[in-house]
Amino acid sequence: MADYKFLTVWKFDAPLEMVYNTVHNADNYHVWWRGQSPVETITPGNALGVGAVKRFRTRSILPYTLTYTGTVHEVIPLKRVVGTTVGQLEGRGTWLFGEENGQAIIKYSWVVRTNSRLMNFLAPVFKPIFEWNHDVVMRWGGRGLANYIGCRFIE
């Protein structure tokens with residue numbers, strides 16, 4: 001297995017609540033986030049989304065699709081969402097939400113390992129490319145979210 005540690009920061013000229021609600025609603029990712037297939041809800045979770053289990057299929061700029069299941073373990077509205085993934089990507093992700101100078105700021109930390117035989121075989125040589133690919137997919141998400149809610153994405 002190949003291990004990865006990612007940190008993505010998104011900044012938007014938009015109200016924090018709007019940004020939070022859009023990111024927290026994974027069912028609509030496919031509408032605004034390039035590369036995301038419609039999400040399958042396995043378990044809806046409670047009113048905050050804790051306990052929700054969802055299956056994701058993510059296509060990247062490279063010619064492969066990864067399938068994984070995410071479970072939400074903690075939600076502090078407008079502050080933090082923590083979850084884990086299993087499947088072709090296994091790990092723990094934390095979304096942190098905040099505001100600074102009138103801008104909504106999201107930090108996404110994902111410590112993950114791949115369970116794809118092909119990716120693990122290629123990782124000794126291609127790990128930097130896989131990391132670059134992750135960054136591309138995350139930029140797609142930031143730009144797509146900004147377009148979807150009609151605000152500026154600050155890169």
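The values are calculated or read from the model by the stated rules, or taken from the named source; none is laboratory data. Because the structure is predicted, anything quoted here is derived from the model rather than measured. A quick note on method: Cβ atoms are made from the backbone with ideal geometry, for glycine too, and the neighbour counts reach across all protein chains shown. The protein model used for the area step is the full one, side chains on, heavy atoms only, and it has no ligands, DNA or RNA in it. Shrake-Rupley method; radii C 1.70, N 1.55, O 1.52, S 1.80 Å.
In table form, for the structure just shown:
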| quantity | calculated |
| --- | --- |
| Residue among F56, F12, F97 that alone is under 20 Å from F130 (Cβ atoms) and hydrophobic (A, V, I, L, M, F, W, C) | F56 |
| Test: residue in region 84-100 that is more than 19 Å from F56 (Cα to Cα), open to solvent by 20 Å² or more (accessible area, probe 1.4 Å), modelled with pLDDT under 95 and not aliphatic (A, V, I, L, M) | yes |
| Where I129 falls short, out of the listed (1) within 20 Å of K5 (Cβ to Cβ); (2) part of a strand (DSSP E or B); (3) not small (G, A, S) | (2) |
| The lone exception for H134 - which of (1) over 16 Å from A2 (Cβ atoms); (2) surrounded by 15 or more Cβ atoms within 10 Å (Cβ to Cβ) it fails | (1) |
| Residue tally, condition among the polar types (S, T, N, Q), part of a loop (DSSP other than H, G, I, E, B) and open to solvent by less than 30 Å² (accessible area, probe 1.4 Å), over region 25-80 | 1 |
| Residues within region 43-89 that are touching a His at 6+ places or on another chain (Cβ under 7 Å) and not hydrophobic (A, V, I, L, M, F, W, C), tallied | 3 |
| Qualifying residue in region 110-121 (condition: surrounded by 13 or more Cβ atoms within 10 Å (Cβ to Cβ), assigned to a helix (DSSP H, G or I), in contact with a Phe, Trp or Tyr (Cβ under 7 Å, 6 or more places away or on another chain) and not aromatic (F, W, Y)) | yes |
| Count of residues meeting criterion [open to solvent by 20 Å² or more (accessible area, probe 1.4 Å), more than 16 Å from the chain's Cα centre (by Cα) and closer than 30 Å to F121 by Cβ] in region 1-24 | 2 |
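Residues are listed down the side, and each one gets a yes or a no for (1) aromatic (F, W, Y); (2) over 11 Å from the mean Cα position of the chain (by Cα); (3) more than 19 Å from S37 (Cα to Cα):
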{"residue": "V86", "(1), (2), (3)": "no, yes, no"}
{"residue": "G91", "(1), (2), (3)": "no, yes, yes"}
{"residue": "T94", "(1), (2), (3)": "no, no, yes"}
{"residue": "G102", "(1), (2), (3)": "no, yes, yes"}
{"residue": "I105", "(1), (2), (3)": "no, yes, yes"}
{"residue": "V112", "(1), (2), (3)": "no, yes, yes"}
{"residue": "F126", "(1), (2), (3)": "yes, yes, yes"}
{"residue": "R139", "(1), (2), (3)": "no, no, no"}
{"residue": "L145", "(1), (2), (3)": "no, yes, no"}
